[in-house]
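This report refers to the structure that appears directly beneath it.
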Amino acid sequence: MDITFIDKKDVRTTLRKMREGGMDFLRELIGMDWGEEGLGVIYILENSCTHEVAHLAVRTTERQRPALPTVCDMWKIAELYEREVYDFYGIHFTGHPDMRRLFLRNDWEGFPLRKDYDASEAINPIRLTSEPPEDLQRSYEIEEDKEFAAIAKRENFMHFDEYVINIGPQHPATHGVLRFRLALAGEEIRKIDIHCGYIHRGIEKLCESKTYPQLLAFTDRLDYLSAHQNRHALCMCIEKAMGLEITPRAQYIRTIMDELQRIDSHLLMLSCAAMDLGALTAFIYGFRDREKVLDIFEEVTGGRLIQNYNIIGGVQADITAGWEVKVKDYCTYQLDKIKEFEDLFVKSIITKNRMTGVGVLTREEAISYGATGCTGRAAGWACDVRKRHPYALYGEVDFKEVLHTHGDSYDRVLMRIDEIKQAVHIIRQLIDNIPAGEYKQKTKPIIKLPEGRFSASVEGSRGEFGVFIESHGDKNPYRVKFRPMGLPLIASMHKILKGCKIADLITIGATLDYVIPDIDR
Amino acid sequence: MDFSTITTAIDNLLRTYMPEQAVILAECLLIALCLVLAYVLFAIVMIFMERKVCAAFQCRVGPMRVGYWGLLQVFADVFKMLIKEIISIKRSDHILYSLAPYIVVMSSVLTFSCLPFARGLQALDFNIGVFFLMAASSFGVLGILLAGWSSNNKFSMIGAMRSGGQMISYELSVGLCMLTMVVLGGTMQISAIVESQLDGWFIFKGHIPACIAFVIYLIAGNAETNRAPFDLPEAESELTAGYHTEYSGMHFGFFYVAEFMNVFIVSAIASTLFLGGWAPLYIPGLNAVNAVMGYIPGIVWMLGKTFFVIWLLMWIRWTFPRLRIDQVLVLEWQYLVPIGLVNLLLMTICVVMGWTF
Amino acid sequence: MEMKKPYIKSIPYEEFKDNETLEALIKELNKERTNVVVGALDDLINWGRSNSLWSLTFATSCCGIEFMSVGAARYDFARFGFEVTRNSPRQADLIMVAGTITHKMAPVLKRLYDQMAEPKYVVAVGGCAISGGPFKGSYHVVNGVDKILPVDVYIPGCPPRPEAILYGMMQLQRKVKVEKFFGDKNRHQNPRDVRREPIIVTNAPIDGCEKTDK
C-alpha cells in the first residue's frame, strides 16, 4: 500500500479535487503517531463507481497543540472520524463544528493512542462519579499566520428549556450501551446527540503490544456477530503482508463459514428488530433458527458465538465428517423457515406501517456517511466488498448483489432476507466441492511482518470491515486500525432521525443493526 | 341454579342475630372480602395462563420447575414481590406517587365487582349497571397519569401521556360498542342483559351489527388494557417500563396485577354483552341440546367464555408488533369511531325495524 | 448438627461444584440459633425468592447475546422461574453483568445497581466482567466488576455457554435459599460503605478467557 504524503496547507484543495473527481467514499480516516515524524492522519478514499482507491496522508510535527484542517464538509462521516482522532491523538481539526471527545470521558487525561501515553491508574483512576456534563460544542478555526487557532466558537448543544431525555446507556433498544441524548417536542425528536464509548476497550492500543497471532482474539470480540468475517479480514491482511498463500480447502471453508455467519447475524438482526417492535414471538422464532447455525459452528469450531476459527495460514481445525450434509440440510430448513418468519413478522401490516418511509437514507447520503452493508445497499449503493474487491472465493461463485431503492427501514429488513437467501445460494455452490488437502499452512509461532502498511477488507454482516496494519518490522504491529462497520451507521442517524418519533428511533436503530462493541472497539 | 338463594339465606341468618345496621356492615365486609379473594385468585390464574400460553406460542414450555408443571410459579413471584423493598424517589410527589397504584387497583376491583358470574352471583347490580361499569373502568387512567407525573422521570411522563391519549380515545369506542348492545338489549342493568340472552346470545341475535361491535370491542378493549399491539404506555423497548418505571416491590405488583385483571374484566364484559354471560348456548328448535346445555352451571359458562376471549386476546398479543402512537390514534379516530357510530345507527335501525332474531 | 442443604429440583446437591463455599456460608449464617417460626418463614420466603429471580436486561457485549439465547426457545430460563427480564432496575432482582465494563460505564453500572431495590444480587458473566478478560491490560477497562460491585456468582467463559449461565443462576438460587431474610443476619450493610464484602459461591477463574499473554 503506497501512501502519498501531502502538505498540510494543500490538504483541503487536494482532497476537494479528489472529491470532485469522483472519490466520494471516505473509507477510512486513520489517526497516526509517527513519533518524531509527528502526528498525522491517513485518508483512504474510494470511487464509488469505479472502485479505484487512493491513499493520502498528512502530518504535523507539533505535539503540544497539533492542528489539521477538517474535511468533514466533504464527507459527512469525517465528522465522527475526526472526533475519534481527536479523542485518541489530540489532533484538533480546524473548521470542525463539534470537537468533543467521542469515546472517552470528557474529563479523561491524555490521549491514549499516542506512543508517549501514560496509562497509569494514578492519572485516570476508575471514577465512580457521573461524567461532568459537557454540553459545549467546541470548534477551532485557523487564525492568520498562526499554526493553531484560538477557540472561535462555543455553543450549547441542548438549551435549558428543551425536554431532553437520555436513551441509554442501559436501554433495551440500543442493543448494548449506546447513549442518545434527544431533545423532544412531544414525541418528535428535534435534536440528537450520540455518545459512544461505553464499551470502548482500547483494542487498537492493546494490539500494539501483542504479537500477530495474539491479535486474532480481539477481532472476534469487536463485532461478535461477524466474528468469523472480522477474523478473516485480519488473517487476510497478515497473510498478504507475509506473502502467504492459503490452500484452496481453507479458502472454501472460510467462505462457507463467512456466509453461515452472515445468516446467523441477519437472523439475529431480524429477530431483534421484531423484539424492538414488540413482536416477541417472532424474536423467539428467529432465535430458534439461529441455534441451528450455532450447532453447525459448534461442531467444527467448538465455539457458539465466538469461534476463534481462522488462524494465520488457514483455519484452526478441519471440518468433521458428515458436516457437509448437516449444512445442506440446514440450508433447506432455513429457506423454509424464513418464509414462516416473513409471514409472521415482515409481511404483517403493522410492521409495514411502522417501517415504510421511516428513516430514509438516500444513495448520496449513504455514500457520504460511508454507510456500507445492507444499509447502503437498501439505498441503492452497490457497496458489497465481495463484488468490489473480491476476496476468498467470491470472485468465482455466482451470487447476486441485491439492491433496493427506497433506503427506508423496510427495505433494510428486506435486504436481510434477500441476503440470507443469497448466502444459502453461495453455500450450496461450495459445499459439495470442498477440495481435499491441507486446511492450514504451518507458520512460525512468532511472525514478523515486513516494514510497510497493509490493509484488507471483507464484507462483514453489517458493512465493510477493514483492517489496516502499519508494521515497522517487529513482531508487534506499530499501529492497527479496524474500520468499524457501525460508526458510519451511527453517524447517519444524525441525519435520518431528525423529525422522527421516539418509536421510529427504535425502528431505525433496529434496522441499521449496529453492534456497539464494534463501534467503540 | 340461582345463587341468590344462598345469599338470601346468609342474609336471613345474619338478621336473626344482629341488628339491621350491623348486618349491612357485616355483609359489606363479607362481600368485599370475597371480591378481593376472587380478584387475587383470578389474577394468579391469569398470570399463570399468560406465561403458559405465551410459552406455547413461542415454542417454549414456560414455568416447569416450581411445583408440578410450574403451577406454583406465580406464588413464588408473589412471595418475592411482597418482601421487595419499596423505593421512595427523591423529588417525587410522594403522596400521589404512593396513591397511584391503589387508584389503578381500585378502579379495576370496582369494575370487577360489576361482573355477573352466575345468576345472582354479582356484587353490584342496578339499573344503570353498564354506565357505572364504564365510569369505574375509566378512572384507572387517572392512576396511570398520576404514576407517570409523580415519578419525576421523563420516561414515565411520556408513558403516562401516551397512555392518557390512548385510553381516553379508546374509551369512546368501547362505549359505543357497549351502547350498541344496550340498544339491542333495551336495558342498562347487567343482570337483565344476561337474562335476555337466555334465548340466544346477542352476537347471534344482533347478527351483523353485533359482530362488528364485537370486533371493535376486542380491538378497543385491548387498547384499553395497554396490551400489545397497543402497549405503548409501557413499551418495553422504547420507554423501559413506561409509567411504572420507578415503581418497585408491591407497588409495581399492583400495576402488574391490575393490567392482567383488566384483561380479565374486558374479556368478561365481552362475554357478558356479546356471548351471553352465564347464559347457556341456546339454539331455537333443538330442545334436547338446549336441555343438556342447561345442565352446565352458569359459572362454568361464564368463565369458559371469558377465558376463551382472554385466549383470543393473548393470541393477538403474542403475534403482532406494536403500533406507533400516531397510528394508534389514527386507527381510533379515523376508523373505529366512525365505524362504531354507523354501527350504532345500524343496530338502532335493526331494532326499530325488528330485524333481530 | 446436621446442616440443611438447599434443594434444587434440577440438579442434585452432590453434583454441584464448590459445595464447600456454600457450606461455609450456611455455617456462618446459622451461627446463632433461629426461632422455629422465623426459620419456617425464612424458608417460605426464600423458596419464593429463589424461584422468582427476575434479571435486569443489562448487557454490554457478546455475553449479552448468549444471555438472550438463554431466554429463547432452546434454553428457556422461564422454566426455572427467571421468566421475566425487567428493563427497569427498580423491578429487577439481579443484575447480570454480561460483558466488559469500561471506565466510562463503571459509574453507570454503579448507579444502576444503586437504583435496584433490595434484596439484589450481582452475577458476573464472562471473563471480562470477572477479571477484564482478554482486555485486561487496556487503559479503559475495569479489571473485574468486583472492583465496583459486590458479586454473588461468577460465571466464567468467553462468552459462557447458555448451560453455564443456567448453572450459575442455579448457584445463585442455592445461595438465596440459605439466606436469612429475617433478623438482619444476612447483610450487615452499612449504607455509607461504598462496597460490601461479597459472598462468593462459584470460584472466580484465574483468567476467564483464552490466554492472550504467553
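The values are calculated or read from the model by the stated rules, or taken from the named source; none is laboratory data. Note that the coordinates shown come from a computational prediction; the quantities given were computed from them, not determined experimentally. Cβ sites come from the backbone with ideal geometry, for glycine too, and all protein chains shown count toward neighbours. Ligands, DNA and RNA are stripped out before the accessible areas are found, and what is left, the full protein with its side chains, is counted by its heavy atoms. Shrake-Rupley method; radii C 1.70, N 1.55, O 1.52, S 1.80 Å.
Descriptive notes on the structure:
Conditions (1) surrounded by fewer than 18 Cβ atoms within 10 Å (Cβ to Cβ); (2) touching a Cys at 6+ places or on another chain (Cβ under 8 Å), marked per residue:
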site	(1), (2)
A:VAL300	no, no
A:LEU335	yes, no
A:GLU342	yes, no
A:GLU364	yes, no
A:ARG377	no, yes
A:TRP381	no, no
A:ARG386	no, no
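- The conditions of being open to solvent by 10 Å² or more (accessible area, probe 1.4 Å), farther than 30 Å from B:ASP326 by Cβ and of a type outside the set (Lys, Arg) are not met by B:LEU179.
- Residue match in the stretch A:106-128 (condition: touching an Asp or Glu at 6+ places or on another chain (Cβ under 8 Å), closer than 30 Å to A:ARG363 by Cβ and either buried (at least 23 other Cβ atoms within 10 Å of the Cβ) or at pLDDT below 85 (or both)): no
- When the criteria are applied in full, B:ILE103 fails the requirement of being touching a helix residue (DSSP H, G or I) at 6+ places or on another chain (Cβ under 7 Å) and in a loop (DSSP other than H, G, I, E, B).
- Filter result for B:ARG91 (away from every other protein chain (no Cβ under 14 Å), over 18 Å from B:ALA268 (Cα atoms) and not in a helix (DSSP H, G or I)): yes
- Top-ranked residue in the stretch C:132-152 [being part of a helix (DSSP H, G or I) and open to solvent by 10 Å² or more (accessible area, probe 1.4 Å); ranked as farthest from C:CYS62 (Cα to Cα)]: C:LYS147
- A single entry from A:LEU182, A:LEU206 fulfils the requirement of being among the aliphatic types (A, V, I, L, M), touching a Ser or Thr at 6+ places or on another chain (Cβ under 7 Å) and either open to solvent by less than 10 Å² (accessible area, probe 1.4 Å) or without any contact (Cβ under 8 Å) to a residue 60 or more places away in the chain (or both): A:LEU206.
- Pair list, Cβ under 9 Å, 6 or more apart: the stretch B:340-357 residue surrounded by fewer than 16 Cβ atoms within 10 Å (Cβ to Cβ), other residue among the small types (Gly, Ala, Ser): B:PHE357/B:GLY200; B:PHE357/B:GLY206
- A single member of A:ILE91, A:ILE126, A:ILE77 is more than 14 Å from chain C (Cβ to nearest Cβ) and under 24 Å from A:CYS207 (Cα atoms), and it is A:ILE91.
- Considering (1) more than 7 Å from every other protein chain (Cβ to nearest Cβ); (2) of a type in the set (Val, Ile, Thr); (3) open to solvent by 10 Å² or more (accessible area, probe 1.4 Å); (4) within 26 Å of B:PHE57 (Cα to Cα), the lone condition that C:THR57 does not fulfil carries the number (1).
- Odd one out for C:ARG90 among (1) buried (at least 22 other Cβ atoms within 10 Å of the Cβ); (2) free of Cβ contacts under 8 Å to residues at least 40 places away in the same chain; (3) within 14 Å of chain B (Cβ to nearest Cβ); (4) touching a strand residue (DSSP E or B) at 6+ places or on another chain (Cβ under 9 Å): (4)
- Of the candidates B:VAL300, B:VAL330, B:VAL342, the single residue that is within 14 Å of chain A (Cβ to nearest Cβ) and either assigned to a helix (DSSP H, G or I) or aliphatic (A, V, I, L, M) (or both) is B:VAL330.
- Applying the criterion of at least 1 residues that are open to solvent by 10 Å² or more (accessible area, probe 1.4 Å) and touching a helix residue (DSSP H, G or I) at 6+ places or on another chain (Cβ under 6 Å) to the strands (runs of 3 or more DSSP E) found wholly in the stretch A:410-517 leaves A:452-460.
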